[in-house]
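Right, one structure below, let's go through it.
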Amino acid sequence: QVQLVESGGGLVQPGGSLRLSCTASGSIGSLYGMGWFRQVPGNQRERELVAVITKGGNTAYAGSVEGRFVIARDTTKNTVSLQMDSAKPEDTAVYYCAAWEAPAMVAVGPHTYWGQGTQVTVSS
């Protein structure tokens with residue numbers, strides 16, 4: 001089992017910056033990929049991929065955040081972070097940290113580990 005704990009959410013003005021962090025504990029040696037997903041409360045759509053990073057450092061971003069957000073992973077500290085710059089109101093959502101063992105860029109399914117989520121609100 002793997003436990004994920006997020007931190008760093010909050011209120012930021014449009015154009016501002018925010019940094020999210022996620023710390024993994026438990027059976028972390030088996031983790032391959034980690035990432036951030038987001039969901040707007042009340043929206044029935046699935047959680048949207050924001051950014052993911054593999055154990056080897058390969059990254060992928062949603063088109064809507066590319067060039068503004070940067071994902072980073074520290075395997076020695078078992079953390080993954082998301083630096084959010086040039087924030088937009090449409091970035092407002094609950095952000096979830098995720099991790100998986102399957103050797104894939106993205107592996108979301110019944111065996112994906114999730115954090116509890118942290119609220120990010122972009123508003124003036």
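The values are calculated or read from the model by the stated rules, or taken from the named source; none is laboratory data. Remember, it's a predicted structure, so these values are computed and weren't measured experimentally. As a convention, Cβ positions derive from the backbone with ideal geometry for all residues, glycine included, and neighbour counts pool all protein chains shown. For accessibility, only protein heavy atoms count, side chains too; no ligands or nucleic acids. Shrake-Rupley method; radii C 1.70, N 1.55, O 1.52, S 1.80 Å.
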Within segment 50-98, how many residues turn out to be more than 16 Å from VAL12 (Cα to Cα) and open to solvent by 20 Å² or more (accessible area, probe 1.4 Å)? 21
Residue list for segment 99-115, filter: crowded, with 16+ Cβ neighbours inside 10 Å and over 14 Å from the mean Cα position of the chain (by Cα): GLU101
Would you please list the contacts, defined by Cβ atoms under 6 Å and residues six or more apart or on different chains, that run from a residue in segment 68-93 that is closer than 24 Å to SER123 by Cβ and outside any loop (DSSP other than H, G, I, E, B) to a residue that is among the charged types (D, E, K, R) and open to solvent by 40 Å² or more (accessible area, probe 1.4 Å)? GLN83/ARG19
Please work out which residue is farthest from ASN43 (Cα to Cα), limiting yourself to segment 109-124 and to residues that are assigned to a loop (DSSP other than H, G, I, E, B) and either of a type in the set (Phe, Trp, Tyr) or in contact (Cβ under 8 Å) with a residue 60 or more places away in the chain (or both). SER124
Number of the condition not met by ILE28 [criteria: (1) hydrophobic (A, V, I, L, M, F, W, C); (2) farther than 26 Å from GLU101 by Cβ; (3) at pLDDT below 95]: (2)
PRO41 versus (1) open to solvent by less than 70 Å² (accessible area, probe 1.4 Å); (2) touching a residue at least 12 places away in the same chain (Cβ under 8 Å); (3) in a loop (DSSP other than H, G, I, E, B): which is the lone unmet condition? (1)
Within segment 9-22, track down each residue that is open to solvent by 70 Å² or more (accessible area, probe 1.4 Å) and assigned to a strand (DSSP E or B). LEU11, ARG19
